[in-house]
Amino acid sequence: MSTWTDEELEKVGAAEELQITSRRLDGTLRPAVTIWAVRVGDGVYVRSAYGPQNGWFRRAVASGAGRIRAGGVERDVTFVIADAAQHPAIDAAYHAKYDRHGAAIVGTVVGEKAAAATLLLLPID
């Protein structure tokens, strides 16, 4: 396991969207899905707008690993269920970054329901 560099955190955190993919059992990557992501401190977080039953989210949790692309950064990552203590800060980060898209859209990735579909992305060397 490694950590994000400051430059990676800045670029991924500033990117409007993130492409995320999980690994199949044979190690190959699934097709990428475009989602929103936020930076909170030294962490990068993603949430499924359609809850924990969404296909990409279930596959990410099941595989535990994949790859992301955002802001010119491409990294292999592991997917970890986010610590519940981080949810208020993650909500605030989503509001700060995406509220301009409107309450109905941002409402899909904030709050108690969204918390159950939150992953921390940890870079892999």
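Every read-out reported here was derived from the displayed coordinates using simple, explicitly stated rules and does not represent laboratory data. In this text the structure is predicted, and so the values were computed from the model without any measurement. Every residue, glycine as well, gets a Cβ built from its backbone with ideal geometry; the counts of neighbours run over all protein chains shown.
Side notes on the structure shown:
- Computed over the alpha-carbon atoms, the chain gives an Rg to Rh ratio of 0.93, Rh here being the Kirkwood radius from the mean inverse distance.
- Check: the chain dipole with +1 on Lys, Arg Cβ and -1 on Asp, Glu Cβ, in debye: 560
- Cβ-based exposure ranking for Asp26, Asp42, in which fewest neighbours within 10 Å come first: Asp26, Asp42
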